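Peer 1: Take a look at this one; I'll ask things after.
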């Protein structure tokens, strides 16, 4: 069956692995102060991150071995489970950190919105692969709009505007590329924007960030510190673990602002390397997607590529002050168990899709 | 899938990534210096750290001056009130307990502390109590201490020996700069260096102050035990004779190191502000006085060393009164013809004058210069006087004649001690000094170099020693006799001139000498200023003090008896 000859898999797996390693090093380098202050163990986050990375690689292997077409058969089950997880956030199982309830604890603690993202991609891919004929009618798109809308609302109300926005634009981009008309897309876009607007309006902190960025042109403290950290790194950086600035001055330096730490430790070359590796990963996924002749695999892999690239761009734009700061992590690099495992699973699914290619261009 | 839309999407994604890269390049490479400056400003802080001033140690490594830690207690009223508002009842209670504890420990009222806090509500720093000693500090800081209170550590100077060696050691001003004595002279070694450091925050947000550099320690030749004894004896003598002042110098004749030095009036250098400068002045180096007969040593040495006179010559002493031009010179006892030795043993002024006159002023001044009169001895302490020696071109016979027995010339006690050391050590002029060596934490950084120069012939020194020994056994210095040791010395009683005349009945009674004669251990010079009770002659007032000090010191050093 395996007749396709190409380099996509090496360009996918090797950069992914390197990014994982850089992420582990940077999480260690950036979290030591915070870990020491709160857990009296400066390697607290490192040990956990190593554990998550191992699980992430396991997920990659697992999903690359499993035939991705199996996923198509359990779509309703996946949607239902991940929706239950999202609902659980609003119950006692919800875990609140810094004013946002984004995690649930049922035996283990994890972030349902991350799972929801992947599940939605699978759902949309399944939907588009089955309902191609109804593409130009609003009625045809109604089920997917409802499902995505419900997910979107649950995530946005956590509140996690960043992830909700990411899911929204990923979903709309997939529809746009799949050939849905711009008119239909904008009909979906406007209510979503209104929902996001209302949520932002009811959270003064979030509104303030937008006002600061667009109107008063005031630079956010976290972003300002991250620019100082990156700027001080210069071309080559301070060296691995040598930059203490991010540790002390940048909140979430091991998480949302991990790129600032890379800039401080490895300089501009570090950032260039990370972005290059990312381009390899994402464009390999797009390449695999374009070679896939199965509509489900094609849309699913393409969706994964879109989601990863949007997430990375939103993170980079926040860090470099090109966009109001959003609570979005950097894929493969940032600290976080659920996201790393889900991203591992995404790479695994794409690998599985690659394995099914038959060598003919789609 | 729509190929056009797909390519458009890829184009947008690439463009976005490119814009990130451009921005990253702008921040990290182009604006690198700008951000580096901000980075350093935020992460580093310039810290100044001052260490301890060096200590001063006596000959047997006993402390004469130390820096001990002392603490100032302060409060941050703003933080205190905020904390009180935010924290519960328990916290407030424990803070109150702390306030009670410190108020009993440092002896202030708790109401005072609360009033200070209430009066300075928005202030961030108010001193409550200065100079808390280390044991009290330890007692307070060991238990619970609210973060709104704190201590500032600093060092205070303390002199364990107090007034016993105050004139030698001196003291420091309140700002820690040496003001007097060795503290001032060796300021550049004793003073702690202020270390400046740009210290970045480390990984755990700590900032380690630079390690301060302490001042160097001074090891001086003062022997604390002899110094204390000298102090007691000087005080006794001054009180016994109701004198105005006094000076004692105990010198090691071989290397010139000062074993003890004291002067009256005394002062306590721990409380120097209670005294005026007349007490603080180190009279042993700063006071100039007409020495009287102790100065005949110079006439004697010059006469013998230059071979102008022989020991067996005789001199006519005019029966006690001799008129030279417009000046009449008197002797205490009336003498006719005296042998050269007897002139000095009986301390004849007329005899000494005649010896000096026959030598001539050129030769006499040559020896004055060799002994170092009219020049500072170069002792390592401040405010040394050089004495007063009239210009050689302006003096006549009368001046030369009076100078021969110590009138019309002014000297310091340390200069006298130096001259007697020349005889004691066999003819060498040595520079008197306190310093032995200076040590920093790595070891000796400076060792005193002995300055020694031969000025008298060996043979003449032996003859002079013999004459000085006879002064004590046969002449005016009988009260300087020490049981078991041969002693040599010379008495002196000088009138204090007032307004150019010698009409007053004020005297300076002196005795200078050394023992044992053959290999002298120490030179001791004693001068008592204006004794008003119990006699005024050097042989009566100063010689017993000399004997006491010399006896104590010889026993202290376990010098072998030679008699």
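Peer 1: Would you mind checking the tilt of helix B:110-119 against the longest principal axis of the Cα atoms of chain B, expressed as 0 to 90 degrees and rounded to 10?
Peer 2: 60 degrees
Peer 1: Determine by what factor the alpha-carbon radius of gyration of the range A:243-306 differs from 2.2 N^0.38 Å, reporting the quotient.
Peer 2: On the way: Rg = 16.7 Å, N = 64, 2.2 N^0.38 = 10.7 Å.
Normalised Rg, Cα atoms only: 1.56.
Peer 1: For the range B:224-556, what's the relative contact order in percent, using C-alpha pairs closer than 8 Å and at least 6 residues apart? Mind dumping the intermediate values first?
Peer 2: On the way: 760 pairs, mean separation 76.6, N = 333.
Dividing the mean separation by the residue count of the range B:224-556 yields 23 percent.
Peer 1: For chain B, what is the convex hull volume of its Cα atoms per residue in Å³? Walk me through the numbers before you get to the answer.
Peer 2: Working: hull volume 141.2 nm³, N = 563.
Spread over its residues, the Cα hull of chain B gives 251 Å³ apiece.
Peer 1: Still on this structure, I have one more. Roughly how many whole Å is it from the C-alpha centroid of the range B:356-425 to that of the range B:1-79?
Peer 2: With the range B:356-425 and the range B:1-79 each reduced to a Cα centre, they are spaced 67 Å.
Peer 1: I need the semi-axes of the equivalent ellipsoid of the range B:325-373: take the C-alpha gyration tensor, multiply each eigenvalue by 5, square-root it, list largest first in whole angstrom. List each step's numbers first, then the result.
Peer 2: Values: eigenvalues 96, 38, 19 Å².
The equivalent ellipsoid of the range B:325-373 has semi-axes of 22, 14, 10 Å.
Peer 1: Just counting partner chain Cβ atoms within 10 Å, what average do the residues of peptide B:376-386 show around their Cβ?
Peer 2: Values: counts 0, 0, 0, 0, 0, 0, 0, 0, 0, 0, 0.
For this peptide, the per-residue mean of nearby foreign Cβ atoms is 0.
Peer 1: At each listed q (0.14, 0.19, 0.23, 0.31 Å⁻¹), what is the log10 of I(q)/I(0) that the Debye formula gives for the range A:1-57 modelled as equal alpha-carbon point scatterers?
Peer 2: Log-scaled intensity ratios, in q order: -0.50, -0.70, -0.86, -1.13.
Peer 1: Moving on. Quick one: of the DSSP bridges fully inside the protein assembly as shown, what percent are antiparallel, nearest 5? Could the numbers behind the result be given before it?
Peer 2: Numbers: 82 of 85 bridges.
So the antiparallel bridges amount to about 95 percent of the total.
Peer 1: Something else about it: Between residue B:446 and residue B:116, what length in nm is gained on full extension when 0.36 nm per residue of separation is reduced by their alpha carbon distance? Let's see the in-between values first.
Peer 2: On the way: separation 330, 0.36 × 330 = 118.80 nm, distance 5.00 nm.
Stretched fully, the residue B:446-residue B:116 segment lengthens by 113.8 nm.
Peer 1: Going by how many other beta carbons lie within 10 Å of each one, how would you line up B:153, B:465, B:235, fewest first? Intermediate results must be reported in sequence, preceding the final value.
Peer 2: Values: B:153 10, B:465 19, B:235 16.
Going from least to most buried by this count: B:153, B:235, B:465.
Peer 1: I've got another one for you. Taking Cα pairs under 8 Å and at least six residues apart, what relative contact order does chain B come out at, in percent?
Peer 2: Details: 1177 pairs, mean separation 81.6, N = 563.
Relative contact order of chain B: 15 percent.
Peer 1: Taking Rh as the Kirkwood radius computed over C-alpha pairs, what is the Stokes-Einstein D of chain A at 37 °C in a medium of viscosity 0.692 mPa s, expressed in µm² per second?
Peer 2: Details: Rh = 21.1 Å.
It comes out at roughly 156 µm²/s.
Peer 1: How many angstrom separate the Cα center of the range B:431-456 from the Cα center of the range B:221-297?
Peer 2: The range B:431-456 and the range B:221-297 have Cα centres spaced 22 Å from each other.
Peer 1: Same structure, new question: Taking the alpha-carbon set of the range B:103-158, what are its Rg and Dmax in Å?
Peer 2: When restricted to Cα atoms, the range B:103-158 yields Rg and Dmax of 12.3, 37 Å.
Peer 1: On the first, second and third principal axes, largest extent first, how far apart are the outermost C-alpha atoms of the range A:161-312 in Å?
Peer 2: 49, 42, 20
Peer 1: Counting C-alpha atoms alone, how compact is the range B:224-556: give Rg to one decimal and Dmax as a whole number, in angstrom.
Peer 2: 19.0, 68
Peer 1: Over all directions, what mean area does the Cα convex hull of the range B:355-417 project, stated in square nanometres?
Peer 2: About 4.3 nm², averaged over all directions.
Peer 1: To continue, here is another question. With viscosity set to 1.567 mPa s and temperature to 4 °C, compute the Stokes-Einstein D of the protein assembly as shown, Rh being the Kirkwood radius across alpha carbon pairs; µm²/s, no decimals. Write out the running numbers ahead of the final one.
Peer 2: Numbers: Rh = 36.3 Å.
My calculation gives 36 µm²/s for D.
Peer 1: Contour minus end-to-end for residue B:357 and residue B:398, with contour as 0.36 nm per residue of separation and end-to-end as the Cα-Cα distance? Walk me through the numbers before you get to the answer.
Peer 2: On the way: separation 41, 0.36 × 41 = 14.76 nm, distance 0.89 nm.
Length gained, residue B:357 through residue B:398: 13.9 nm.
Peer 1: Which FRET efficiency, nearest 0.05, do residue B:316 and residue B:437 yield, Cβ-Cβ r, R0 60 Å?
Peer 2: 0.65
Peer 1: Let me ask something else about it. Cα atoms only, the range B:216-269: Rg and Dmax in Å?
Peer 2: Computed over the Cα atoms of the range B:216-269, radius of gyration and Dmax are 12.6, 42 Å.
Peer 1: State, to one decimal in nm, how far the label point of residue B:68 lies from the label point of residue A:62, with both points 7 Å from Cα in the Cβ direction.
Peer 2: 7.1 nm
Peer 1: Measuring from the lowest to the highest alpha carbon on each principal axis, how far does the range B:49-220 reach, largest first, in angstroms?
Peer 2: Principal axes ranked by extent give 60, 41, 26 Å for the Cα atoms.
Peer 1: Let me ask something additional. Compute the long axis of helix B:3-25 from its Cα atoms, compare it with the longest principal axis of the Cα atoms of chain B, and write down the angle in degrees, 0 to 90, nearest 10.
Peer 2: In chain B, helix B:3-25 runs at an angle near 10 degrees to the longest axis.
Peer 1: Another question, if that's okay. Residue separation times 0.36 nm, minus the C-alpha to C-alpha distance between residue B:91 and residue B:213: what's the value?
Peer 2: Values: separation 122, 0.36 × 122 = 43.92 nm, distance 4.02 nm.
That pair, residue B:91 and residue B:213, stretches by 39.9 nm at full extension.
Peer 1: Angle, helix B:32-43 long axis vs. longest principal axis of chain B, Cα atoms, 0 to 90°, nearest 10?
Peer 2: 70 degrees
Peer 1: Could you tell me the distance between the Cα centroids of the range B:473-518 and the range A:4-56, to the nearest Å?
Peer 2: For the range B:473-518 versus the range A:4-56, the Cα centre distance is 94 Å.
Peer 1: Which whole number gives the average, over all residues in B:33-45, of C-beta atoms from other chains lying within 10 Å of the residue C-beta? Don't skip to the answer; put the middle values down first.
Peer 2: Values: counts 3, 3, 9, 5, 3, 8, 11, 3, 1, 7, 7, 0, 0.
Taking all residues of B:33-45 together, the mean is 5.
Peer 1: To make sure I understand, if each residue's beta carbon is the centre and we count other beta carbons within 10 Å, what order do B:511, B:98, B:393, A:154 fall in, fewest to most? Write down the numbers at each step before the final one.
Peer 2: On the way: B:511 34, B:98 18, B:393 6, A:154 21.
Listed from fewest to most nearby Cβ atoms, that is B:393, B:98, A:154, B:511.
Peer 1: Just the number, please: percent antiparallel of the DSSP beta bridges in chain B, rounded to the nearest 5. Don't skip to the end; give the middle numbers.
Peer 2: Details: 75 of 78 bridges.
Antiparallel bridges: around 95 percent, rounded to the nearest 5.
Peer 1: Using the reciprocal of the averaged 1/r over all distinct C-alpha pairs, how large is the Kirkwood radius of the range A:185-242 in Å? Could the numbers behind the result be given before it?
Peer 2: Working: mean 1/r = 0.0698 Å⁻¹.
Its Kirkwood hydrodynamic radius stands at 14.3 Å.
Peer 1: So if R0 is 35 Å, what FRET efficiency would residue B:30 and residue A:48 give, r being the distance between their Cβ atoms, rounded to the nearest 0.05? Walk me through the numbers before you get to the answer.
Peer 2: Details: r = 37 Å, r/R0 = 1.07.
Computed FRET efficiency for residue B:30 and residue A:48: 0.40.
Peer 1: Counting only helical runs of four or more DSSP H residues, what would the 222 nm mean residue ellipticity of the protein assembly as shown come to if each run contributes -39,500 (n - 2.57) and the total is spread over all its residues?
Peer 2: Working: 34 runs with 470 residues, N = 925.
Counting only the DSSP helices, I get -16500 deg cm²/dmol.
Peer 1: Further question on the same structure: Relative contact order of the range A:1-85, please, whole-number percent, based on alpha carbon pairs below 8 angstrom and at least 6 residues apart. Intermediate results must be reported in sequence, preceding the final value.
Peer 2: Numbers: 30 pairs, mean separation 14.3, N = 85.
Taking the mean separation of contacting Cα pairs over the length of the range A:1-85, I get 17 percent.
Peer 1: Taking neighbour Cβ counts within 10 Å as the exposure measure, how do A:28, B:322, B:337 sort from fewest upward?
Peer 2: B:337, B:322, A:28
Peer 1: The range B:335-441: D in µm²/s via Stokes-Einstein (Kirkwood Rh, Cα pairs, 4 °C, 1.567 mPa s)? Spell out each step's value before the answer.
Peer 2: Values: Rh = 15.6 Å.
Approximately 83 µm²/s, per Stokes-Einstein.
Peer 1: Take the eigenvalues of the Cα gyration tensor for the range B:3-48, scale each by 5, and report the square roots as semi-axes in whole Å, largest first.
Peer 2: Values: eigenvalues 337, 15, 3 Å².
One finds semi-axes of 41, 9, 4 Å for the range B:3-48.
Each value in this text was obtained by applying a stated rule to the coordinates, not by laboratory testing. Here the structure is a predicted model, which means the values were calculated and not measured. Here Cβ is always computed from backbone atoms with ideal geometry, including for glycine, and neighbour counts include all displayed protein chains.
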